[in-house]
Amino acid sequence: MRIATPLLAVFRTLVYVFLLAPILVVVLASLNAGNFLTFPPQGLSLRWFWTFLNNDIFLNAIAYSATLAACATAVSLVLGTMASLYFTRHAGKHAEAVRIGVLLPLILPEILTAIALLFFFYEIGVGTEHKIALFTGHVLMTLPFIFLNVNTSLQGRDDSIELAARTLGASRYTAFRRVTLPLIAPGLSTGAVFAFIISFDTFGISFILKGTGSAPLPIQLFDYLRFNFTPEAAAVSTVSILMTLVLVVAADLLFGRRD
Amino acid sequence: MTEVSLRSLQKLYGKTAALKAISLDVTHGEFVSLLGPSGCGKSTTLKCIAGFEDITDGRICFDNKDISRKLPEDRDIGMVFQSYALFPHMTVTQNLAFGLEMRRVPKADIARRVASAMEMVQLTPYADRYPKALSGGQQQRVALARALVIEPAILLLDEPLANLDAKLRDEMRGFIRDLQKRVGITTIYVTHDQNEAMTMSDRVVVMFDGEIAQAAAPEDVYNRPASERVARFVGNANILDLPVAGADAQGTTVTLPGGTPLHIAPCAAPARAGAPDRLRVMARPEQITLTGPGLGQLPGRIEKRYFSGGHVEYTVATECGALFVTGPTTQHVSEGDTVGLSFDPARLWPLPDPAPERAQ
Amino acid sequence: MKRFRASLLIAPVAALIFVFVILPYVTVLIMSFRATADGQPYGQGFSVEGYQQFFSQPYYALSLPSSLALGMATTLVCLILGYPIALHIATASRKWRGLLYGIVLSPLLVGIVVRSYGWTILLGNSGVINATLRNLGLIDRPLPLMYNNFGVVLALAHVFLPFMVLPLLSSLQSIDPAIAQAARSLGARRFTIFRRVTFPVSMPGVQAGCILVFVLAISSYVTPSLVGGMRVKTTTLLVIDALIDQYQWPFGSAMALILAVSAGLVVLIFARLTRMKWT
């Protein structure tokens with residue numbers, strides 16, 4: 001025990017380093033002044049960020065991904081919250097079936113779901129050209145995250161709070177809007193942030209269903225990385241990491257500490 | 001003030017009956033407790049009155065108007081929940097104002113009424129606090145004020161004291177009772193605690209298995225229980241099964257082991273079919289007096305003695321089985337002592353035949 | 001009436017899942033039995049050609065056991081790395097818990113492409129690790145860290161570690177601390193408590209984490225293709241190849257289903273072996 005404890009501490013620290021290393025390395029690489037991803041870097045510079053800012057392909061991809069994520073999150077937020085309300089309050093003995101059903105897109109391998117959607121949209125004659133398949137896929141991928149987060153905030157709640165509002169004269173709708181909604185707002189915002197990030201980063205669905213024309217950021221990045229080794233990809237990645245970070249921090253500041 | 005009446009109220013969950021056609025009238029300003037073990041239907045009754053449960057059959061009337069089909073928000077009730085159900089994201093003031101806002105009361109009136117309700121429950125200094133920053137007793141008072149500030153037709157309380165510690169519970173008991181008398185609101189109170197029911201109510205409704213076993217004043221429920229089960233649920237009861245020596249208009253004479261006759265006054269309890277040869281009689285622990293050996297009507301031996309502060313509790317072995325007796329602390333009796341037990345026949349209560357209900 | 005109103009809440013999601021998950025999976029099943037055709041994704045009529053094609057060609061057939069092995073290796077690495085971390089977070093003070101939790105979740109917040117890319121920077125022949133070792137004079141030639149199973153397992157373990165830690169953490173946190181205290185009061189030492197109490201009680205988390213990581217690992221595409229290059233051919237890579245590049249939908253579907261069924265069997269056997277009587 002005496003020897004094992006410090007060994008365990010060293011091991012744990014190494015795992016934490018292991019978790020952070022690839023992310024830190026990407027950020028460091030984006031600051032490389034050289035033409036290639038060499039280590040140690042050939043001086044620090046922001047030149048690759050300037051290159052990125054002048055590259056319409058990546059800028060468009062970011063805008064496209066953000067729009068897609070925002071739309072998918074909005075739809076998932078409504079549908080997922082409804083499903084969560086049903087699950088926590090009305091599902092009764094079917095609760096487990098409902099839970100598994102809503103979580104199916106998370107449980108099933110994403111790439112397989114993507115393939116299934118591809119075939120399905122071809123079979124019904126829609127194909128992938130109209131981006132409906134892509135959008136549907138993103139709604140499916142984000143839905144479980146809304147559901148799980150809203151569940152957590154609903155399950156911690158005392159049901160009689162909404163009933164109390166009813167006895168005080170609030171209609172079903174008013175009770176939900178004035179009492180339940182503010183109480184689950186943190187869950188909704190966490191869920192929304194999660195959903196947005198998942199949609200923004202998801203690969204399989206976007207890869208298979210993107211159709212032709214503009215593609216989401218992860219696909220654009222993947223295509224680029226297969227043939228290029230300049231630090232520009234690192235700059236793009238760093239920007240996407242920063243966007244995520246800003247989103248998480250903003251949500252935490254807005255909704256995190258209350259209750 | 002409003003009169004509540006439940007008429008043949010029935011509630012089925014699938015095939016199981018939670019309420020088997022119960023009827024109850026609560027008069028103006030009356031404080032009625034629904035008392036019973038968990039699962040007896042007392043909470044279901046309250047939920048039906050509040051409108052949170054659809055009733056299967058029967059009617060609920062406020063002042064003779066059927067409100068059975070109304071939504072909870074249209075019933076004009078004030079309710080205090082076991083968990084208090086305060087809105088955690090609103091201050092005390094906002095909690096109290098909520099019901100008035102729903103009723104579209106003008107802003108100035110809201111401020112005035114909230115202030116006076118806050119005064120009533122002595123919470124004025126806490127007006128701008130959130131529920132989390134209040135003690136259990138204070139939260140309880142906010143819940144009470146929130147229910148009363150809307151001046152509802154009736155007040156429903158669902159085990160409101162269950163989450164408080166013993167001392168606070170005694171305090172709140174008196175507080176709620178005084179407040180209810182002052183406001184004069186018709187009140188229905190659900191509890192599983194017989195002490196609460198006894199001390200607070202005008203009338204206690206004892207419920208078992210979705211049925212009303214007895215509805216009467218606290219003294220009557222305690223001293224004249226309608227059945228052995230009520231007798232045992234409300235306080236401690238000694239049940240003596242004694243042979244009948246004779247009966248007349250003045251009552252029944254039973255014989256104690258040892259031959260001492262006891263004359264029991266007649267009661268409302270239904271007479272037994274056929275020739276009654278035995279009678280079950282209830283004696284409360286404090287209605288039996290301990291005397292010296294050879295005295296009293298029944299000899300016994302002290303098996304257990306527990307000092308409990310204000311009085312002493314004894315388990316006494318007798319020929320009628322073990323009896324539970326309480327006595328003053330000034331009496332010096334020890335475990336193993338032989339004693340005599342003395343009964344006051346006027347305070348013995350004959351019980352109806354336990355056959356129809358399963359004695360526990 | 002009440003029940004009807006409540007069911008309206010779930011109706012849209014139920015429809016969504018049925019139409020866009022259940023039906024499409026049925027479509028995959030049907031597709032795998034369609035006839036193949038030249039120049040088109042699939043032909044007229046039905047056949048089992050797709051399945052035959054897979055099992056008759058070693059290039060494809062052999063990818064299956066190596067994919068499953070890759071998945072198992074990743075799962076094992078995740079378990080070994082993840083358990084001490086989950087234990088650490090579960091017992092950490094409030095102040096530290098948030099930060100550690102953040103570190104564990106951080107890979108989830110960064111896209112899978114970026115994370116795999118980070119690993120190529122670390123593991124490449126002129127990458128961070130090899131460059132450092134060479135500058136220190138410890139090696140002459142770069143170590144083969146990438147474009148092999150080692151690199152892929154390492155990168156996959158990183159990518160999916162959060163999915164191991166989270167279920168472990170939730171099962172560890174649900175353990176009543178009094179249980180460990182009780183074991184201690186009965187005379188058990190710390191390691192004994194871990195072996196006899198903590199670990200068995202956390203088994204549901206171990207199970208959930210392992211299944212999750214295994215399924216995610218064998219169906220991952222980005223990491224094997226970026227870190228594995230052309231050298232590591234998992235069945236999932238071959239499926240995408242067949243579907244997207246070669247336009248052979250029945251063959252690709254058959255392969256995907258064979259992979260899914262095999263993975264399902266592995267999961268089933270695993271669940272059987274680690275079955276707990278007390279849950």
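Starting from the 7 Å offset along Cα-to-Cβ, what nm value, one decimal, do you get for the label separation of B:R301 and C:Q52?
Distance between label points: 9.7 nm.
Residue by residue through the stretch B:140-149, what is 3J(HN,Hα) from phi via Karplus (6.51 cos²θ - 1.76 cosθ + 1.60, θ = phi - 60°)? Round to whole Hz and write x for glycine and proline.
Rounded to whole hertz, the list is 4, 6, 4, 4, 5, 5, 5, 6, 8, 5.
If you put +1 on each Lys and Arg Cβ and -1 on each Asp and Glu Cβ, how big is the dipole of chain A around its Cα centre, in Debye rounded to 20?
The calculation lands at about 680 debye.
Mind listing the long-range amide H neighbours of C:S47? Cut-off is under 5 Å, sequence gap 5 or more, other chains count too, H placed in the peptide plane at 1.01 Å from N.
Residues meeting the amide H criterion: C:R34, C:A35.
Can you find, among B:P257, A:S199, C:T234, the residue farthest towards the positive end of the dipole of the protein assembly as shown? Put +1 on the C-beta of Lys and Arg, -1 on that of Asp and Glu.
Ranked along the dipole, the leading option is C:T234.
From the C-alpha gyration tensor of chain C, pull out the three semi-axes of the equivalent ellipsoid (sqrt of 5λ each), sorted largest to smallest, in whole Å.
Here the semi-axes work out to 38, 30, 18 Å.
What are the lysines whose alpha-carbon lies under 26 Å from the alpha-carbon of C:K233, with same-chain residues fewer than 8 places away excluded?
Candidates past the 8-residue exclusion: A:K210.
Could you give log10 I(q)/I(0) at q = 0.10, 0.11, 0.16, 0.18 Å⁻¹ for the stretch B:123-261, computed by the Debye formula over C-alpha point scatterers of equal weight, without solvent?
Result of the Debye calculation: -0.50, -0.57, -0.93, -1.09.
Can you tell me the Rg and the Dmax, both Å, for the Cα atoms in the protein assembly as shown?
36.9, 119
Between B:S308 and B:D277, what's the calculated FRET efficiency when r is the beta-carbon distance and R0 is 41 Å? Round to 0.05.
Values: r = 38 Å, r/R0 = 0.93.
Here the calculated transfer efficiency is 0.60.
Between the DSSP loop rule and a limit of at most 10 other Cβ atoms within 10 Å, which trypsin sites (Lys or Arg not before Pro) in the stretch B:8-75 are left? Present the calculation step by step, with values, prior to reporting the outcome.
Numbers: sites: B:K11, B:K15, B:K20, B:K42, B:K47, B:R59, B:K65, B:R69, B:K70, B:R75; in loops: B:K15, B:R69, B:K70, B:R75.
Sparse-neighbourhood loop trypsin sites (Lys or Arg not before Pro): B:K15.
How long is the gain from C:M203 to C:Q44 if the chain were fully straight, where each residue apart is worth 0.36 nm and the alpha carbon distance is subtracted?
On the way: separation 159, 0.36 × 159 = 57.24 nm, distance 4.96 nm.
Gain on stretching C:M203 to C:Q44: 52.3 nm.
With a Förster radius of 35 Å, plug the Cβ-Cβ distance of C:R231 and A:N55 into 1/(1 + (r/R0)^6) and report the FRET value to the nearest 0.05.
Details: r = 30 Å, r/R0 = 0.87.
Result of the calculation: an efficiency of 0.70.
Let's test this: bin the Cα-Cα distances of the stretch B:236-351 at 10 Å from zero up to the farthest pair and state each bin's percent.
For the stretch B:236-351, the binned pair fractions read 14, 46, 27, 12, 1 percent.
State the answer as a single residue: which of C:T91, C:A69, B:T329 lies farthest towards the positive end of the charge dipole of the protein assembly as shown, with beta carbon charges of +1 for Lys and Arg and -1 for Asp and Glu, about the Cα centre.
Projecting each Cα onto the dipole axis, the largest value belongs to C:A69.
Against the 2.2 N^0.38 Å scaling, with N counting residues, where does the stretch B:1-141 land? I'd like the Cα-based Rg ratio to two decimal places.
Normalised Rg, Cα atoms only: 1.22.
Taking chain C as a Gaussian network, Cα atoms linked when under 10 Å apart, which of C:N148, C:N125, C:N135 shows the biggest mean-square fluctuation?
The residue that fluctuates most here is C:N135.
Taking the Cα-to-Cβ direction at C:A131 and at A:F229 and moving 7 Å from each Cα, how far apart do the two end points lie in nm?
Going by the 7 Å Cα→Cβ label model, 1.1 nm.
How large is log10 of I(q)/I(0) for the stretch A:119-259 at q = 0.09, 0.13, 0.16 Å⁻¹ when the intensity is taken from the Debye formula with one equal scatterer per alpha-carbon?
-0.44, -0.76, -0.95
So which of B:K70/B:K107; A:K93/B:K11; B:K11/B:K70; A:K93/B:K15; B:K42/B:K181 end up more than 25 Å apart, counting from Cα to Cα? Don't skip to the end; give the middle numbers.
On the way: B:K70/B:K107 27 Å; A:K93/B:K11 20 Å; B:K11/B:K70 16 Å; A:K93/B:K15 17 Å; B:K42/B:K181 23 Å.
Long pairs (Cα-Cα over 25 Å): B:K70/B:K107.
Once ligands and nucleic acids are excluded and a 1.4 Å probe is used, how much of C:Y147 is accessible, expressed in Å² to the nearest 10?
Roll a 1.4 Å probe over it and C:Y147 shows about 80 Å².
Stick to Cα atoms and the Kirkwood definition of Rh, then tell me Rg/Rh for the stretch C:1-142. Could the numbers behind the result be given before it?
Numbers: Rg = 24.9 Å, Rh = 21.8 Å.
Rg divided by Rh gives 1.14.
Per the 1.4 Å probe, what fraction of the accessible area of the protein assembly as shown, in percent, lies on carbon and sulfur atoms? Don't skip to the answer; put the middle values down first.
Working: 25060 of 41440 Å².
Solvent-exposed carbon and sulfur of the protein assembly as shown make up 60 percent of the total.
Could you state the angle between the C-alpha long axis of helix A:217-227 and the longest principal axis of the C-alpha atoms of chain A, as a value from 0 to 90 degrees rounded to the nearest 10?
With rounding to tens, the tilt is 30 degrees.
Over the Cα atoms of chain A, what radius of gyration and what Dmax do you get, in Å?
According to the Cα coordinates of chain A, Rg and Dmax are 22.3, 70 Å.
Over the heavy atoms of B:R7, what accessible area does a 1.4 Å probe trace out, to the nearest 10 Å²?
80 Å²
Between A:V126 and C:L99, take the C-beta separation as r, use R0 = 41 Å, and let me know the FRET efficiency to the nearest 0.05.
Working: r = 47 Å, r/R0 = 1.14.
Taking R0 as 41 Å, the efficiency between A:V126 and C:L99 is 0.30.
Using a probe radius of 1.4 Å on heavy atoms only, what accessible surface per residue do you get for the protein assembly as shown? Whole Å² is fine. Numbers along the way, then the final one.
Working: 41440 Å² over 898 residues.
Value returned for the protein assembly as shown: 46 Å² of accessible area per residue.
Show me, bin by bin at 10 Å from 0, the whole-percent P(r) of the stretch C:99-155 based on Cα pairs.
Values per bin, smallest distances first: 23, 40, 28, 10.
What is the antiparallel percent of DSSP beta bridges lying wholly in the protein assembly as shown, to the nearest 5?
Working: 59 of 77 bridges.
In the protein assembly as shown, DSSP labels about 75 percent of beta bridges as antiparallel.
GNM on chain C, C-alpha springs below 10 Å: top fluctuator among C:V227, C:V165, C:V128?
Largest GNM mean-square fluctuation: C:V128.
Given labels modelled 7 Å from the Cα in the Cβ direction, how far is it in nm from B:E151 to B:H332?
Between B:E151 and B:H332, the simple spin-label model gives 6.5 nm.
Tell me: how much accessible area in total is hidden between A and C, 1.4 Å probe, Å², nearest 100?
Numbers: alone 15470 and 16960 Å², together 26130 Å².
Rounded to the nearest hundred, the buried surface is 6300 Å².
Can you spot the lysines whose alpha carbon is less than 29 Å from C:K95's alpha carbon? Ignore those fewer than 8 places along the same chain.
B:K132
Which parts of the stretch B:42-84, residue by residue, lose 40 Å² or more of accessible area when the rest of the protein chains are there, as against the chain isolated (1.4 Å probe)?
Buried-area filter returns B:F52, B:E73, B:F81.
Would you mind checking the radius of gyration and Dmax of chain B based on alpha-carbon positions, in Å?
Cα radius of gyration and Dmax of chain B are 24.5, 77 Å respectively.
Suppose every K and R has +1 on its Cβ and every D and E has -1 on its Cβ; what is the size of the dipole of the stretch C:1-95 about the Cα centre, in Debye to the nearest 20? Don't skip to the end; give the middle numbers.
Details: 6 positive and 2 negative charges, 179 e Å.
My answer is approximately 860 debye.
Take the stretch A:123-168, drop everything but the C-alpha atoms, weight them equally and run the Debye formula without solvent; then report log10 I(q)/I(0) at 0.15, 0.21, 0.25 Å⁻¹ to two decimals.
Each listed q corresponds, in turn, to -0.61, -0.77, -0.89.
Sorted from largest down, what three extents in whole angstroms do the Cα atoms of the stretch B:60-175 have along their principal axes?
40, 35, 24
The values are calculated or read from the model by the stated rules, or taken from the named source; none is laboratory data. Keep in mind that this is a model prediction, so the values were computed, not measured. Don't worry about glycine lacking a Cβ; one is built from the backbone with ideal geometry, like all the others, and counts go over all protein chains shown. Just the protein is used for accessible areas: all its heavy atoms, side chains included, with ligands, DNA and RNA removed. Shrake-Rupley method; radii C 1.70, N 1.55, O 1.52, S 1.80 Å.
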